[in-house]
Structures are given as C-alpha cells and as structure tokens.
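S.K.: For reference, the structure I am asking about is given below.
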Amino acid sequence: MLLALALSIVVPSSLGQSGSSAPAVNAAGRLPVYDVVAIKPNKSGSGSLDVEEHIDIYNAKNITVKSLLEEAYGVREDLISGVPGPIGSAHFDVMAKIVDPDASAIRKLTGRQRGSMLLPILIERFQLKAHTETRILPVFELVVISNGPKFKHSADQKGQDTGTSIQGSDRGVQLTAHGINMTSLASSLEGQVHRPVIDKTGLAGNYDVAMKWSSDTVPSSEANAGPSIFTALQEQLGLKLKAAKGPVETLVVDHVEMPSEN
C-alpha cells in the first residue's frame with residue numbers, strides 16, 4: 001500500500017485544501033457535541049482496543065490517533081497519511097461525555113454521524129489540520145460471474161438494509177445480510193480484503209446473502225479449513241472480486257500534535 005501511494009495519481013479535493021479541515025467538519029457542527037473530554041496517555045503496552053459508546057458517552061481505551069481519524073472521517077487507517085511517527089505510535093484513553101443529551105435525537109444518528117462527533121476533539125485537543133485527496137489506487141471491482149448470482153431478492157424491497165453481521169471464530173468467518181444492496185455489500189467486504197471494493201454488479205434492489213470462508217487471522221486447522229473469501233464469493237454467491245485501479249478518497253494529515261491533558 002505504501003508503494004501504491006507513492007506511485008499514485010493525486011487529485012486534491014476541492015472541499016479540503018491543505019491546512020484546512022476535511023468536509024466532515026462542517027457536518028459535525030450540526031451534531032451533538034461532547035461537553036466534557038478527558039484524554040490521557042495509555043502506556044500499558046497492551047495490543048487490545050476497547051471502545052464503549054452509549055447515548056451520552058464515548059469511552060476508548062488504548063486508541064491511536066489513526067483509529068480516531070478512521071472513526072471521525074470514515075476513512076480506513078491504511079488510507080490515512082501524514083501522521084508523524086511518535087504521534088502515530090502513541091496510545092490514548094479518550095473519555096467524552098454529553099452533559100444534557102437529547103436521547104431521541106442521538107438515537108436517530110447514523111454510525112457515520114456518531115463518528116463525526118469526534119472531529120471537534122481532534123481539532124481542539126490534537127490541533128488537527130487535514131484534507132482529503134482522491135488518489136488512483138488498487139481496488140477490487142465486485143462483478144457477477146457467468147453463472148451468478150446465487151442469491152435472491154429480499155422479500156422487502158422498500159426498506160433499507162435490515163442488518164449485516166460478520167462474525168469470526170476458529171471455525172472461520174461468516175457474513176449474513178438481509179435486505180442489503182450491492183453497494184453496501186461491497187463496502188462490507190472492504191475490511192475483509194483490505195482494499196476499496198467498488199460495486200460493478202449492475203444488480204439493483206435489496207438481497208438476502210450469506211457466505212462463509214476461512215479466516216486469515218486464525219492458524220490453519222481442520223476447524224478453519226474452508227475456502228478463501230475470494231473462492232467463497234464465487235462458489236456461494238456467484239460474485240467475483242476483480243483487481244483494478246480506481247479513484248479512492250484518502251485523508252492527508254497536514255498537522256497534528258500530542259493532545260493537551262486535563
């Protein structure tokens with residue numbers, strides 16, 4: 001990925017110039033704001049990350065700046081550049097609270113909007129300045145193979161995605177989705193193949209899909225003996241991930257500092 005970034009074609013976003021905050025900052029101004037924020041260094045050396053989020057609370061233990069940026073901007077960590085080494089390797093405990101929350105309004109927020117609520121924290125406490133850039137990078141195109149697709153339309157075509165679950169264990173990984181469209185399915189696959197996935201299926205409407213594949217993070221065993229995600233897509237769904245290059249939105253950090261402590 002680093003090599004791909006070095007060789008990529010860069011198109012600066014008209015919405016985010018160097019030294020300015022990315023577009024999501026504007027959206028954050030209309031969102032609930034955390035009134036009380038506490039940030040402390042986490043020097044435990046633990047590799048685990050614990051994030052707890054409720055109506056009025058965001059509590060992250062052992063989180064990195066890149067993980068915060070990923071939540072705030074909806075951009076995967078491998079598409080974020082410009083974070084200096086010492087800050088990039090540091091871990092923090094971030095505790096934020098809304099003093100008088102409007103519970104009904106907060107429940108209506110999407111996951112993307114909840115993530116954007118972290119932007120004021122990054123700007124005020126980490127002195128963040130960043131912008132987006134569209135780069136031509138390796139991607140996967142999700143396409144239908146000759147004898148596909150091997151799944152059916154959802155019974156409810158009026159509703160949106162009613163639930164997507166990806167669960168992993170020593171027996172492999174399973175994806176189950178009801179009422180999902182192909183754009184959302186492509187997005188769900190991105191975290192599994194670590195590359196942007198673009199829907200090129202040409203399939204409209206909502207579908208019910210289910211597939212299983214072997215985990216690449218669990219040592220190979222008889223319990224985990226199954227097809228790769230690429231093979232599973234073809235055999236179980238009649239779809240294929242085709243390697244290509246395409247425009248991908250990345251986040252470039254122009255300035256970030258160690259946060260001020262309480």
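S.K.: Once the Cβ-Cβ distance between M258 and E52 is put in as r, and R0 is 22 Å, what FRET efficiency do you end up with, to the nearest 0.05? If you can, show how the numbers build up before the last one.
M.R.: Details: r = 24 Å, r/R0 = 1.08.
Between M258 and E52 the formula returns 0.40.
S.K.: Cβ under 9 Å from G226's Cβ, G226 left aside: what net charge do those residues give with Lys, Arg +1 and Asp, Glu -1? Walk me through the numbers on the way to the answer.
M.R.: Numbers: positive: R171, K212; negative: none.
Taking every Cβ under 9 Å from that of G226, the sum is +2.
S.K.: A follow-up question, please. If R₀ is 30 angstrom, what is the calculated FRET efficiency for the pair V33 and I87, using the beta carbon separation as r and rounding to 0.05?
M.R.: On the way: r = 24 Å, r/R0 = 0.80.
Plugging the Cβ-Cβ distance into 1/(1 + (r/R0)^6) gives 0.80.
S.K.: Next question. May I ask you to list the residues of the range 59-96 whose amide nitrogen lies under 20 Å from a point 7 Å from Cα along the Cα→beta-carbon direction of K40?
M.R.: Counting backbone N atoms under 20 Å from the label point, the list is 59-65, 68, 90-96.
S.K.: Under 28 Å Cα-Cα from K200, which lysines qualify once same-chain neighbours fewer than 8 residues away are excluded?
M.R.: Reachable lysines: K150, K152, K158, K212, K240, K242, K245.
S.K.: Related question: Once R0 is set to 25 Å, what does the formula 1/(1 + (r/R0)^6) return for the Cβ-Cβ distance between V193 and K152, expressed as a FRET efficiency to the nearest 0.05? Can you show the working numbers first?
M.R.: Numbers: r = 24 Å, r/R0 = 0.97.
That pair, V193 with K152, gives E of 0.55.
S.K.: Let me ask something additional. If the cut-off is a Cα-Cα distance under 25 Å, which lysines reach K61, setting aside same-chain residues fewer than 8 apart in sequence?
M.R.: Correct list for K61: K40, K43, K97, K129.
S.K.: By the scheme Lys and Arg +1, Asp and Glu -1, what is the net charge of all other residues having a beta-carbon under 12 Å from that of V75?
M.R.: On the way: positive: K66, R76, R112, R135; negative: E70, E71, E77, D78, E133, E190, E249.
So the surrounding residues net to -3.
S.K.: Related question: With unit charges on the beta carbon (Lys/Arg positive, Asp/Glu negative), name the residue among T64, H131, L119 whose Cα is farthest towards the positive pole of the charge dipole of the range 62-133.
M.R.: Ranked along the dipole, the leading option is L119.
Since every read-out is calculated from the coordinates, none of them should be taken as a lab result. Worth saying up front: this structure is predicted, and the values here are computed from it rather than measured. Positions of Cβ are backbone-derived with ideal geometry, glycine not excepted, and every protein chain shown enters the neighbour counts.
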